[in-house]
1. Net charge within 9 Å of LYS38 by Cβ-Cβ distance, Lys/Arg positive one each and Asp/Glu negative one each, not counting LYS38 itself?
2. Under the 0.36 nm per residue contour assumption, what length would be gained going from the current alpha-carbon distance of SER28 and ALA43 to full extension?
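Quick note: the coordinates plus some simple rules give every number you see, no bench work behind them. This is a predicted model, so every value here is computed, not measured. Cβ: placed from backbone, ideal geometry, glycine included. Neighbour counts: every protein chain shown.
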Amino acid sequence: MTKTNAAKTKPAKVGAAATKPARKTKKSQLLALLEASKGRSVAELSEALGWQRHTTHAALTGLRLSGNTIEKLDVEGERAARYRLTGAD
């Protein structure tokens, strides 16, 4: 008698990729934060993401280099600049 592996084989899930939620990466979180109409300061972004300020600055640079348009807002009465996403590649 020959044993088969048919009993051990699991059927393929149909539509599994369609029902799987998108990964919530730090980059996607950063992009979502930058979509605010008033923008976000580096301090606000760093706190929300748990990053140090230099890491946040580097991430903003990385987004720019990958084709995203990030606007720097100098808000009157605020010392720190604010950043917001104005377009994407």
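1. Within the 9 Å Cβ shell, the charges total +3.
2. 3.6 nm is the gain from fully extending SER28 to ALA43.
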